[in-house]
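Data block below; observations after.
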Amino acid sequence: MSYEIGANLSLRASGCDSKLDVPHSTAHKVRAGLAFIMKMMIWGIVMLICGILAIALPWASGIGVVIVVGWLLLLGAVSHLFLAFHTHSVGGVLWQILLALIYGAAGVFMLMNPLAGLVTLTLVLAVFLLIEAALETALYFQLRRAVNAGWVLFDAIVTLILAILIWSQWPSSALWFIGTLVGISLIFSGISRITLAAAMGRRG
């Protein structure tokens, strides 16, 4: 008799624990969803602010982009040299050293000649915007059933137009055009993410 009572109490206790685990798991998923929405909202606001600053100061933003890219290329050169010392094949070592030289030369060129680097980077930006437009279009087809998903497609169309404008105006307007285009792209990217996060928050 005492054994049956103890078994029943144990089953009831385990049942209560399983019932308590369900709300705890649900609360964890809700917190994770809210954290994701908040991160998307913050990222959209940051992109929006950076876009406004880039349009207000196109010359400074263009030179700033060149300097950042130059340092990134130098860091890439250092990383390839590091990989060269950890590669066991002769061909791999030579390939890593060659990449390090190319990255290093491009980085030094950008930092020593920011104006020429700005003109060169304009073409690179056009390619980047084309890739971004393709990725935004693919993202739209994944989110087309979500509320305000059309903003993502609108962002893709605007980015594609910006890429075409770069090709048509290069190289005469590279000194101010690149900063303005980057700012516009950042603004629309920020708006699309803010509206998408707001829609997800209302649905949640």
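The values are calculated or read from the model by the stated rules, or taken from the named source; none is laboratory data. Predicted, not measured: the structure shown is a model, and the values here were computed from it. Cβ: placed from backbone, ideal geometry, glycine included. Neighbour counts: every protein chain shown. Quick note on the areas: whole protein, heavy atoms, side chains included, nothing else; ligands and nucleic acids left out. Shrake-Rupley method; radii C 1.70, N 1.55, O 1.52, S 1.80 Å.
Report ILE194's accessible area, 1.4 Å probe, all protein chains in place, as a number in Å² to the nearest 10.
About 40 Å², rounded to the nearest 10.
Within 10 Å of each candidate Cβ there may be at most 13 other Cβ atoms; applying that plus a DSSP loop requirement, which trypsin sites (Lys or Arg not before Pro) in the range 129-196 survive?
In loop regions of the range 129-196 (DSSP not H, G, I, E or B), the sparsely surrounded trypsin sites (Lys or Arg not before Pro) are ARG144, ARG145.
Equivalent-ellipsoid semi-axes (√(5λ), Cα gyration tensor) for the range 114-204, whole Å, largest first?
On the way: eigenvalues 178, 30, 15 Å².
That gives 30, 12, 9 Å for the three semi-axes.
Over all pairs of distinct alpha carbons, what does the Kirkwood formula give as the hydrodynamic radius of the range 82-138, in Å? Walk me through the numbers before you get to the answer.
Working: mean 1/r = 0.0731 Å⁻¹.
About 13.7 Å for the range 82-138.
Across the range 50-152, what fraction of all alpha-carbon pairs, as a whole percent, falls in each successive 5 Å bin from zero upward?
2, 12, 13, 14, 14, 13, 13, 10, 6, 3, 0
Using a 1.4 Å probe on the protein heavy atoms, what percent of the accessible area of the range 108-204 belongs to carbon and sulfur?
Whole-percent figure for carbon plus sulfur exposure: 74.
What is the Cα coordinate range of the range 44-89 on the first, second and third principal axes, sorted by size from largest, in whole angstrom?
The Cα atoms of the range 44-89 stretch 50, 24, 10 Å along the principal axes, largest first.
Determine how large the accessible area of LEU83 is when every protein chain is in place; take a 1.4 Å probe and give Å² rounded to the nearest 10.
Around 80 Å² of this residue is reachable by solvent.
Local charge sum around LEU129 (other residues, Cβ-Cβ under 13 Å, Lys/Arg +1, Asp/Glu -1)? Walk me through the intermediate numbers first.
On the way: positive: none; negative: GLU132, GLU136, ASP155.
Neighbour charge sum, excluding LEU129 itself: -3.
Around LEU139, under 12 Å between beta carbons, what's the net of Lys plus Arg minus Asp minus Glu among the other residues?
Here the charged neighbours net out to -1.
Which is farthest toward the positive dipole end of the range 102-204 among ALA126, LEU139, LEU175, measuring Cα position about the Cα centre, with Cβ charges +1 (Lys, Arg) and -1 (Asp, Glu)?
LEU139
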